[in-house]
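FYI, it's all coordinate maths here, none of it is from the lab. Note that the structure is a prediction, hence the values are computed from the model and not measured. Don't worry about glycine lacking a Cβ; one is built from the backbone with ideal geometry, like all the others, and counts go over all protein chains shown.
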Amino acid sequence: MPIPATYPKYPSRKEFIQYLNDYVSRFSISPRYRRLVEAASYNEVSGKWRIKARDLESGEAEEYTSRFLVVATGETCDPKIPKVEGLESFRGEILHSTEYKNGEKFKWKRVLVVGSGNSGMEIALDLANSGAKTSIVVRSPIHILSRGMMDAAMELLKYFSFEWVEWMTTMMSKAVFGDLSKYGMQRPEEGPFTVKLKYGKFPVIDVGTFNKIKSGEIEVLPAGIRSIKGNTVLFVNENEHTFDVIVFATGLLNDDGFAKSFPNHWKGKQGLYCAGLAQKGFYGAGMDAQNIARDIKALL
């Protein structure tokens with residue numbers, strides 16, 4: 001089902017949720033939310049999978065049977081919060097980016113965002129827009145691109161070499177965002193797409209955070225945290241800052257319970273499939289979904 005023509009190029013959170021709800025309605029999908037899968041076993045006689053689950057709201061046990069079983073639980077699961085000396089002594093609020101809703105309740109508060117990926121940068125922007133005194137730790141070198149640069153790169157890759165497109169994209173980034181060191185940040189020596197392929201680190205897609213950094217509304221702290229004592233955070237460069245809130249935008253723990261032998265990872269035996277477990281992002285998950293759908297259709 002295509003994205004509605006009335007939607008903007010980059011749909012809002014509300015529009016995306018509406019699209020998902022419309023998708024569920026159109027194809028008569030019946031999601032079972034708040035279920036914990038406790039076991040899955042294959043019955044050789046019936047040729048079907050037996051899945052035992054538990055309703056986390058009522059606590060009741062449930063059982064499902066199916067000819068096919070698709071595991072699409074994602075590669076990441078639990079929030080990852082780094083070990084920091086004295087973190088337990090912090091007197092303010094600590095939360096992970098997965099718990100962050102909006103910045104309204106943090107107005108006037110001193111908030112430290114730890115993590116300079118896309119989640120951290122967008123949370124910092126939302127906090128600044130909400131009136132929080134916002135700081136963000138940017139310890140590692142980062143590439144900053146605009147949405148337009150990413151769109152152009154994806155289009156150019158159809159006609160030009162990877163190396164040329166990466167070089168051109170890097171030049172555009174330098175022309176638009178300038179010398180990042182002026183603001184306490186550094187660019188990696190390798191290009192943005194090479195960094196993604198080699199290390200799995202996405203470039204930051206700027207949606208307004210950079211201008212807030214330039215204006216001083218968001219303060220960049222270019223050193224990691226050494227320790228915390230009360231509301232005081234000591235950084236490895238010996239600087240100290242006081243905060244009321246710490247938001248850890250430090251990612252999720254990887255679930256390594258499944259093999260990820262791309263590109264033949266998606267199909268198992270006896271009607272077992274997996275989607276989105278090959279460390280290929282949304283694009284890889286989409287490829288898996290199409291392969292699985294075609295395979296199941298051929299077997300029906």
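The figures follow:
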| quantity | calculated |
| --- | --- |
| Sorted by Cβ neighbour density within 10 Å, fewest at the top, the residues Thr250, Thr169, Thr232 | Thr232, Thr250, Thr169 |
| Antiparallel DSSP beta bridges within the chain, percent to nearest 5 | 50 percent |
| Under Karplus coefficients 6.51, -1.76 and 1.60, residue-wise ³J(HN,Hα) of region 39-56 in Hz, glycine/proline x | 6, 9, 9, 9, 9, 5, 6, 7, x, 10, 8, 10, 10, 9, 9, 9, 6, 6 |
| Over 27 Å (Cα to Cα) - which of Lys105/Lys214; Lys83/Lys267; Lys107/Lys196 fall in this group | Lys83/Lys267; Lys107/Lys196 |
| Cα-based Rg and Dmax for the chain, where Dmax is the largest Cα-Cα distance (Å) | 22.7, 68 |
| Vicinal HN-Hα couplings computed from phi for region 103-115 (Karplus, 6.51 cos²θ - 1.76 cosθ + 1.60; Hz; Gly/Pro x) | x, 4, 6, 9, 4, 6, 8, 8, 10, 9, 9, 9, x |
| Distance (nanometres) between label positions extended 7 Å along Cα→Cβ at Glu155 and Tyr7 | 2.0 nm |
| Net length gained if the chain between Lys269 and Tyr199 were fully extended (0.36 nm per residue, minus Cα distance) | 22.1 nm |
| Candidates Ser173, Ser46, Ser130, ranked by Gaussian network fluctuation over the chain, Cα under 10 Å, top entry | Ser46 |
| Segment Asn239-Ser181, extension gain: residue separation times 0.36 nm, minus the distance between their alpha carbons | 19.1 nm |
| Residues with amide H under 5 Å from that of Val70, placed H, sequence gap 5 or more | Tyr273 |
| DSSP-loop chymotrypsin sites (Phe, Trp or Tyr not before Pro) across region 1-89, with at most 13 other Cβ within 10 angstrom | Phe27, Tyr33 |
| FRET efficiency, 1/(1 + (r/R0)^6) with R0 51 Å, evaluated for Val45 and Glu99 via beta carbons | 0.65 |
| Shape call, region 78-253: gyration tensor on alpha carbons, a/c limit 1.5 | prolate |
| Under the span-like rule (Cα at least 15 Å along the axis, Kyte-Doolittle mean at least -1.0), DSSP H helices of the chain | 118-129, 162-177, 281-299 |
| Long-range Cα-Cα pairs in region 123-212 (distance over 18 Å), rounded percent | 47 percent |
